[in-house]
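Okay, structure first, notes after.
The values are calculated or read from the model by the stated rules, or taken from the named source; none is laboratory data. Just so it is clear, the model here is predicted, and its values are computed rather than measured. All Cβ positions, even for glycine, are placed from backbone atoms using ideal geometry, and neighbour counts span all protein chains on display. Accessible surface areas use protein heavy atoms only, side chains included; no ligands, DNA or RNA. Shrake-Rupley method; radii C 1.70, N 1.55, O 1.52, S 1.80 Å.
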Amino acid sequence: MNDQPERTGWLLAVALTVQFVVALDMSVVNVALPDIRDDLGFGSGGLLWVVNAYALAFGGLLMLGGRLADIVGRRTTLMAGLAVFGAASLGGGLVGSPGWLIAARAVQGVGAAALAPVAFTLIAVTFPAGPARARALGLWGMAAAAGGAVGVLAGGLLTEGAGWRSVLLINVPIVLAAMAAARFSVAPDRREGPPARLDAAGALLVTGGMTALVLALVRTETHPWGSATTLTTLAVAAVLLVAFVVVERRVAQPLLRIGLLRQRSVLVANLFVLLLFSGQFAAFYFTSLYMQQILGYGPVRAGAAFLPFCTGIVIGSLTATRTVARFGVRTLLVAGGLLGAAGFGWFWRTVGVDGGFADSILGPSLLASVGIGLCVVPMGTAATTGVAAREAGMASGLVNSSRQIGGSLGLAVLATVASHTTDADGGTGPSGPSALVSGYATAFGVAGALLVVAALSAALLLPRRTEPAVEPAAAEPAAEPSVTAPRGDRTRLS
């Protein structure tokens with residue numbers, strides 16, 4: 001009896017679980033931050049690092065994590081990433097001091113940087129091009145969206161019901177279940193031909209450059225764009241990343257083959273991901289602020305109000321799964337980008353001091369999320385077009401890096417835009433609430449404009465038909481949003 005279909009089903013379940021839990025931990029701790037501060041005695045500036053430590057390690061190591069899957073093997077990378085992530089979650093749930101919690105969150109980010117690319121890679125090399133891969137990519141996008149949105153709701157429920165430590169400890173049984181399923185479903189690593197070697201110089205340069213870039217972006221609330229600290233950090237990031245490109249053009253086995261970016265579909269897919277998540281991350285961050293600071297929602301109610309977003313992602317992803325073969329990648333990316341932009345434009349027009357869930361949240365969330373969901377399958381398809389299976393991890397690390405950098409960049413830029421608008425309209429004086437709403441509305445408008453630019457890039461730069469070319473796993477033995485909730489003490493707009 002052939003158990004290959006059963007193993008493939010379990011493998012997909014593992015990849016989806018991994019993507020879900022990585023996205024979950026980007027947002028699940030946010031609503032627990034006040035309890036964490038009170039219990040562990042965080043200072044006013046340290047609490048933000050409970051969030052930033054995870055984002056920093058995750059964003060800085062994504063390229064390395066993706067390439068490790070190609071070099072040491074997908075199963076090995078998956079199991080190691082799960083072990084690191086689970087151990088850090090357990091340790092974080094048991095710590096008794098601020099420093100140890102920040103360290104645990106950073107180690108969680110290290111594990112996540114291995115897990116996110118390998119989850120995408122397993123789908124890309126296991127499922128053949130066509131309906132099977134489209135369905136798997138659609139589910140992958142749903143898992144990412146659900147993890148980010150459910151994290152806000154779950155964080156509130158867990159914190160109220162079992163204390164803040166439970167938001168970290170809940171990962172442990174999930175990780176153990178994923179490891180057990182992975183041992184059954186993911187084929188042992190085998191390699192033919194000469195062994196691949198890790199590009200150590202490239203790994204150091206890209207990790208340092210990406211870490212410096214993310215660090216500069218996540219600190220713009222405390223160190224403004226024009227400050228010496230931010231400018232110096234950005235300059236260091238630029239120097240390291242330029243040096244990385246120079247090194248990659250010369251080594252025999254690069255961490256990122258620069259020629260990969262000469263493939264138009266791969267380049268445009270990463271540009272689209274960067275722009276899409278720049279708008280999405282920031283827009284839903286400001287939705288959280290609007291619900292809690294203007295509409296007076298508590299953490300649990302605000303988390304529940306994000307569930308329509310999950311519903312829209314499901315609708316959009318299922319629609320894309322069923323229509324991508326008929327309409328093609330370019331058409332769906334353009335349509336999805338424009339629908340998402342229309343949803344953010346709806347937010348821009350309807351958020352107000354006297355707004356409500358039905359008119360200011362529900363409709364815009366559904367429209368924007370359906371558009372984003374339409375983009376998930378074609379983004380994954382375009383990002384793997386022309387990529388050999390032996391470089392699937394490389395392509396996955398690249399697209400995940402684009403997503404993470406896009407989210408951090410968009411949030412940093414739009415937070416600055418919103419703050420300036422709020423200050424210009426009255427700040428926190430007598431007109432404070434209306435000034436805050438004015439800042440939020442401006443941020444939504446800019447987020448919509450970013451999605452319009454993403455749609456235009458797809459319309460003008462992608463070929464009419466884009467077909468994936470990653471070989472299925474059978475051809476080569478196994479040998480890349482979220483919703484962001486308010487970031488702790490990040491209350492410049494309040």
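Return the pairs, sorted by first residue and then second, in which the second residue is in a loop (DSSP other than H, G, I, E, B), the first residue lies in the range 205-223 and is closer than 16 Å to Ala418 by Cα, the beta carbons are less than 8 Å apart, and the residues are 6+ apart or on different chains.
Glu221/Arg490; Glu221/Arg492; Thr222/Gly45
Among the candidates Asp359, Asp423, single out the residue that is open to solvent by 10 Å² or more (accessible area, probe 1.4 Å), acidic (Asp, Glu), in contact with a helix residue (DSSP H, G or I) (Cβ under 6 Å, 6 or more places away or on another chain) and assigned to a helix (DSSP H, G or I).
Within the list Asp359, Asp423, the selection yields Asp359.
Looking at (1) farther than 16 Å from Gly336 by Cα; (2) open to solvent by less than 30 Å² (accessible area, probe 1.4 Å); (3) under 14 Å from the mean Cα position of the chain (by Cα), which one does Gly380 not meet, given that it meets all the others?
(1)
What residue, of Tyr290, Tyr285, is part of a helix (DSSP H, G or I), crowded, with 24+ Cβ neighbours inside 10 Å and at pLDDT 85 or above?
Exactly one of Tyr290, Tyr285 is part of a helix (DSSP H, G or I), crowded, with 24+ Cβ neighbours inside 10 Å and at pLDDT 85 or above, namely Tyr290.
In the range 148-163, which residue that is touching a Pro at 6+ places or on another chain (Cβ under 9 Å) and open to solvent by less than 40 Å² (accessible area, probe 1.4 Å) is farthest from Ala392 (Cα to Cα)?
Thr159
All but one of (1) farther than 23 Å from Leu94 by Cα; (2) buried (at least 24 other Cβ atoms within 10 Å of the Cβ); (3) at pLDDT 80 or above hold for Gly109, so report the exception by its number.
Of (1) farther than 23 Å from Leu94 by Cα; (2) buried (at least 24 other Cβ atoms within 10 Å of the Cβ); (3) at pLDDT 80 or above, only one is false for Gly109: (1).
Would you check if there is a residue in the range 90-101 being closer than 26 Å to Leu215 by Cβ, surrounded by 23 or more Cβ atoms within 10 Å (Cβ to Cβ) and either at pLDDT 90 or above or basic (Lys, Arg) (or both)?
For the range 90-101, residues closer than 26 Å to Leu215 by Cβ, surrounded by 23 or more Cβ atoms within 10 Å (Cβ to Cβ) and either at pLDDT 90 or above or basic (Lys, Arg) (or both): present.
Please specify each residue of the range 57-78 satisfying the condition of being among the aliphatic types (A, V, I, L, M) and either on the phi > 0 side of the Ramachandran plot or within 21 Å of the chain's Cα centre (by Cα) (or both).
Selection gives Ala57, Leu61, Leu62, Met63, Leu64, Leu68, Ala69, Leu78.
Here are some conditions: (1) open to solvent by 50 Å² or more (accessible area, probe 1.4 Å); (2) in a helix (DSSP H, G or I). Thr211 meets all but one. Which one does it not meet?
All conditions are met except number (1).
Regarding Gly336, is this residue closer than 30 Å to Thr442 by Cβ, in a helix (DSSP H, G or I), at pLDDT 90 or above and not β-branched (Val, Ile, Thr)?
yes
Would you tally the residues in the range 433-442 being at pLDDT below 85 and surrounded by 17 or more Cβ atoms within 10 Å (Cβ to Cβ)?
Final tally of qualifying residues: 0.
Which one of the conditions (1) open to solvent by 30 Å² or more (accessible area, probe 1.4 Å); (2) under 21 Å from the mean Cα position of the chain (by Cα) does Ala342 fail to meet, given that it meets all the rest?
Tallying (1) open to solvent by 30 Å² or more (accessible area, probe 1.4 Å); (2) under 21 Å from the mean Cα position of the chain (by Cα), Ala342 fails exactly one: (2).
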